[in-house]
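One structure coming up, written as structure tokens, with questions to follow.
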């Protein structure tokens, strides 16, 4: 797959970082010495961690060279390593494992969560849970209805699925002394339906666009853009409201 | 109506105050001189406000004598007044209006929100939005099916309804320079289904129990208890998970 576009991703950085701030706000008051930021992206969450815990050793992990280059330049007090979070194992126990919108990319993130708990003292992670939102339903609809359907339907089927809350609670309750789970649906006022398209062009649309030729991509995008415009009506002040649900976990071993 | 039972309400105070903490956490960093806490209840939110803004003049308003007595004893640096928030009008502009789980009790809370904006510089309020949750669907079901149905159905119909998010956004966008709306669904692990009953006995069940005789109340409660036990299954660790959605607003005039 082509590498992530950090500039496009960062276009909505303030909105994306809100979740990292909210997650960090629920981490109990303690002084971690070692912190890992899993799937650190352009370092927006790492920067928050560095500001909150200035004395900790912080390591950001990501698989994207683009993202790591941006993160490195941004948070000079942290280390950054290229690493697939699915296969990551720390050499020593970690005081705090943090992951803002990353674990959902790992196909079996249920097992991953349990494994992460075995490495940590304290953990906080957040996963977008927008598979049932219009933005994503329309993405799948366009993928399933076009000359690309045979290529894209299997991809639609492997998109990260967030499970039932009971299931997460049960698997974490078996290994954690404290668990806090909540879901927040942010209402982001964006400049128009095309902003919704841009938001997901930098993230959720990537696997759908990847197998397409440049010409197909244009057709796909113009159909997706038209569907979104019809489904995200402008408010009287011109904005469109993007509902964005995110599922949060704060755990203590 | 009989007065609120502050002791019962406070049984789940930590869970109820979580929302007040989260709301306060999103209020921009500023130094309000005057704060009103609308529907302050037992002063749990007022206490947070007093700790966060030690130099501000804080006034808690509530309609319940029980709640006011508890709040007064608890937050000695604040003033408390008996006041119906629907008819409240401050003498001067207020720097910060705060309301944790209060505005939803006002029949036309849409108009109230717009009126509040005319009084404030900054505002933050939160309203439970659990009308579609099992806990409340079962409450209405028991109310509609029993010797009390004729008395309770009209009450079920006047329970506070939370409107569409677009609607709130539009009416606030017309009068505010900044609006932030989000909904958080907390997952509260409680000791068992009876804890869910106790939670709402201190709040949402009150209008349903009020018109019943003591004997009817017992029957109503035992039926509600049985319904909840069937619908909130115990987790392997014995807990039940109460989903509790709350809708948040932070606005600037």
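Readers should treat all values here as calculations from the given coordinates under stated rules, not as data from a laboratory. Because the structure is predicted, anything quoted here is derived from the model rather than measured. Every residue, glycine as well, gets a Cβ built from its backbone with ideal geometry; the counts of neighbours run over all protein chains shown.
Sorting B:49, A:112 on the 10 Å Cβ count, fewest up front, what's the list?
A:112, B:49
Follow-up. Semi-axes of region A:1-54's equivalent ellipsoid from the Cα gyration tensor, sqrt of 5 times each eigenvalue, largest first, rounded to whole Å?
The three semi-axes for region A:1-54 are 23, 13, 8 Å.
I've got another one for you. How many nanometers, to one decimal and shortest first, lie between the label point of residue A:89 and those of its other copies, if labels sit 7 Å from Cα toward Cβ?
Values, ascending and in nm: 7.1.
Here is a further query. Calculate I(q)/I(0) for region A:142-253 by the Debye formula, one identical point scatterer on each C-alpha and no solvent, and give its log10 at q = 0.16, 0.17, 0.18, 0.22 Å⁻¹ to two decimals.
Per q value, in the given order, log10 I(q)/I(0) is -0.89, -0.94, -0.98, -1.16.
Relative contact order for chain A using alpha-carbon pairs under 8 Å, separation at least 6, rounded to a whole percent?
Taking the mean separation of contacting Cα pairs over the length of chain A, I get 22 percent.
Sticking with this structure for a sec: Suppose we keep just the DSSP beta bridges with both residues in region A:6-252; what percent of those would be antiparallel, to 5?
Beta bridges within region A:6-252, antiparallel portion: roughly 55 percent.
Per-residue ellipticity at 222 nm for chain A, helices alone: DSSP H runs ≥ 4 residues times -39500 (n - 2.57), over residue total, nearest 500 deg cm²/dmol?
Counting only the DSSP helices, I get -12500 deg cm²/dmol.
Sticking with this structure for a sec: Above 22 angstrom, tally the Cα pairs of region A:6-252 and express them as a % of all pairs, no decimals.
56 percent
Relative contact order of region A:167-241, please, whole-number percent, based on alpha carbon pairs below 8 angstrom and at least 6 residues apart.
Value for region A:167-241: 42 percent.
Within a 10 angstrom radius of each residue's Cβ in B:229-235, how many Cβ atoms of other chains show up on average? Whole number is fine.
Counting other chains' Cβ atoms within 10 Å and averaging over B:229-235 gives 1.
Mind jotting down the distance between the C-alpha centroids of region A:40-118 and region B:225-253, whole Å?
If we compute the Cα centre of each part, the gap is 31 Å.
To make sure I understand, if each residue's beta carbon is the centre and we count other beta carbons within 10 Å, what order do B:30, B:105 fall in, fewest to most?
Fewest-to-most ranking of B:30, B:105: B:30, B:105.
A further question on this structure: For B:215, A:40, A:72, which order do you get if you count the other beta carbons within 10 Å of each Cβ and list the fewest first?
With the fewest neighbours first, B:215, A:40, A:72 line up as B:215, A:72, A:40.
Smallest Cβ-to-axis distance in chain A, for the rotation taking A to B: which residue, how many Å?
Result for the A and B rotation: A:184, 2.
Using a label point 7 angstrom from Cα along Cα-to-C-beta, what distances in nm, from shortest up, separate residue B:211 from the other copies?
The projected label point of residue B:211 is separated from its counterparts by 5.9 nm.
Measuring label to label, 7 Å along Cα→Cβ, what does residue B:161 give against each other copy in nm, shortest first?
3.5
Next question, about the same structure. Tell me, what does the Kirkwood hydrodynamic radius of the protein assembly as shown come to in angstroms if you use every pair of distinct C-alpha atoms?
Hydrodynamic radius (Kirkwood, Cα pairs) of the protein assembly as shown is 24.9 Å.
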